[in-house]
Every structure is written in C-alpha cells, then in structure tokens.
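Working notes, beginning with the structure itself.
FYI, it's all coordinate maths here, none of it is from the lab. As the structure is a computational prediction, the values presented were derived from the model and not from experiment. Positions of Cβ are backbone-derived with ideal geometry, glycine not excepted, and every protein chain shown enters the neighbour counts.
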Amino acid sequence: MSQSTSVAPPLSLNKRLDEIENHLGRLSINEEMDVFAIFQELDEVKQQLDDGEKRGLALKAEQAQWDGILATIKRDAGELLRKAGGKSSLQSARNQKGVPPDHWWWYLDEYLAEERRKRFYHILRLGIILGAVLALVVILYQKFFAPDPKVIAEVTAKQNAEQALMEKDIQAALKEVEEGLKQSPESMDLLMLKAGILEAQGKTNEAKALFTELEKRAKNPEAFALSKAQTYMLLNRLGEAIDVLNGLIAQEPDSAKGYLLLGQAYELMGDQLQALQTYEKASEVGERVNDPTTVAQARIKMGMLMQIMGLPTLDQAAPTNTP
C-alpha cells in the first residue's frame, strides 16, 4: 500500500502573501498606493490557493495567512475604498474587469454599505429592546397605578411593528399597527407607520390621504417631516426619506434635527462624504439655534464616520510648530 505525500506549495505564493501584507501594513501611512494592483494580487493568490487545493497541496499555513489578510481588508475597508478613489472609481474598475462576486474585495463599497445597514439595524434592535423595557415599566405602572390601557397598546404595537419591519415582514407589521390602532386610534406614531406601510404596498391613494391628515394634525411641519422621514428609513426607503428632509430644510433652514437625520440617511446609502458634510451642517446649525443635544449627536456621528473614512477625528488637535 503506497503512502501519499504532500507536495510543497510554490514559493511565489508565499512571496505574494508577504507582499500583500506589507502593502496593507502601510495603509496607516498617509501615502498614495495602487489599491487596484493589490486587488489584482488578491485575485491571483485566490486562484493559486484554489488550484493548490484541487491538486492536494499542503497549504494550511498559507490559508491561515490568507484569512488574516482578508480580515485586515475588512477592518480597513473604508481606507482602502478612499485610496481607490471612492465608490464610483471602484465600480468603474470592477465593471471593466468583469469581476465575479466572490472576489469581494472589488466590492468594498457594497461591503461597507451592508455593514452600515447591520449597524443601523443593530442600533434599531437595541432601541426595540429599550422599548421592551419601557413597555415593562408601563405594564408595572398599569398594575399599580392603572394608567390608560391605550398607552400600553400603543407602545406594544409600535415595538412589534418595528420588529416586524426589521425582519422585512411588512404584512405582519401592518397587522401589529392595526391592532394597536384598535385601542389607540389617534396615535400619531402608529398612523404614520400605517401610512408608510400602505405606500410601500402600493396603496398610494390611501397612504397619501393619511399623510395629508397627519400633516394637518401635526404640531409643526418639522415634527411631521422628521416622523415621516424616520418611517421611510425604517422601511429602508432612503431616497424618499432624503426627499422629505431636503424639503424640510428648504422650508426651515434652521432645522438642526433635519440635517442630523439627513446625514444618517446619506450614511445608510453609502455616501460617506455627503453624510459627513451634512453632520457638520447639523452641528453648525445646532450651535446657532442653541440645540446642544443635536450638536453632540452630530459630532459623535462625525467622529465615527471620520474614523471609518480614515480621516483625522475632531479630537485630534492639529500639530503645532514650537520654536
């Protein structure tokens, strides 16, 4: 019985892996680099690894090094995208090459957009958990102080509807809203959710009538626009949210909250530069109208986004030349 032997991997594969690691190690240095050349190297390494696996080569160490490189690319995706010239430049390059989806480093713009969506829904999920805690507090309050059951119905229905929308079950979300409206038929939050869901289902006439009614009932145009935009964002209809917020800002240029929410919508769409500029505007307007809460939120958003983009953050003071 013959004993199988492992074939040593080609040296060029090891050299390529080392070179890619060296290139990625210089990402933190403020210098230009040919990101597309790195991606080309990644393409060729992947091909070698796939071929080696088919031929039964001993590639355990090389595979581990490759996995580490891919982890680095995910970690520094924002900086790589910036040095590649941004979203449009990367899209153009991959379209010209006809890159397959499994070479995902050519799709860093889509990867980052998906990561942002995950973070958004994670934050939203935390909000729902906090809402559940609030609902429990409301229930305990009901038990000992007997408040209006409409409050509990509204909180529970809104929480359940938002959870259903996160799970992309729009029909279940509408059902939850309808159940809540049976107990609290005048709830602005539930009616706004219902209008957004109806519009998403293509029932435009019903949705338009309900939006019109809610606009008339709203305390002020800003409150209505913010609520409508938030509903669109929850439904992942970011273009509509941006249209609503731009309309609000055109009418009320001192709406710091409008700029803040608009920045969030741009960020979710993957337009980091526009988001950053809009957060900066939210901070500027917030200071002018004495809205410290919005200023703080905008600056936190700016700091997080600047880290993702590899830019100096707000708390990094500019170097000074001392004599």
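The figures follow:
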{"read-out": "For MET306, MET192, order by how many other beta-carbon atoms lie within 10 Å, fewest first", "value": "MET306, MET192"}
{"read-out": "Positive dipole terminus of the stretch 168-323, leading residue within GLY270, THR212, ALA250 (C-beta point charges)", "value": "THR212"}
{"read-out": "Sorted by Cβ neighbour density within 10 Å, fewest at the top, the residues ARG16, ARG75", "value": "ARG75, ARG16"}
{"read-out": "Förster-model FRET efficiency, 22 Å R0, VAL99 and LYS74, C-beta, rounded to 0.05", "value": "0.80"}
